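The values are calculated or read from the model by the stated rules, or taken from the named source; none is laboratory data. These numbers come from a predicted model, not from an experiment. In this analysis, Cβ positions are derived from the backbone assuming ideal geometry, glycine residues included, and neighbour counts consider all displayed protein chains.
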Amino acid sequence: MPDLETPDADAAEQQQEVAENERQLEPDQPNAEADEGDLAESLREVPVDDDDYR
């Protein structure tokens, strides 16, 4: 049953298969389209706080 709140265009895009020619980026390979600050931030590890874990 389709989700009534999901726009048709979004639902169609989510159903698409990944193209065979799309390469997998290795974790140490930066994405050429990403901002340098975003890349640096995405590499930071966030400590797990046991009190906040649910």
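List the pairs whose first member sits in region 28-54 and is of a type in the set (A, V, I, L, M), whose second member is at pLDDT below 80 and loosely packed, with under 10 Cβ neighbours inside 10 Å, and whose Cβ atoms are under 6 Å apart, counting only residues at least 6 apart or on separate chains? Pairs that qualify, where the first residue is of a type in the set (A, V, I, L, M) and the partner is at pLDDT below 80 and loosely packed, with under 10 Cβ neighbours inside 10 Å: there are none.
Here's the yes/no breakdown for (1) loosely packed, with under 10 Cβ neighbours inside 10 Å; (2) at pLDDT below 80; (3) in contact with a strand residue (DSSP E or B) (Cβ under 7 Å, 6 or more places away or on another chain):
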{"residue": "Pro7", "(1), (2), (3)": "yes, no, no"}
{"residue": "Gln24", "(1), (2), (3)": "yes, yes, no"}
{"residue": "Pro27", "(1), (2), (3)": "yes, yes, no"}
{"residue": "Asn31", "(1), (2), (3)": "no, yes, no"}
{"residue": "Pro47", "(1), (2), (3)": "yes, no, no"}
{"residue": "Asp52", "(1), (2), (3)": "yes, yes, no"}
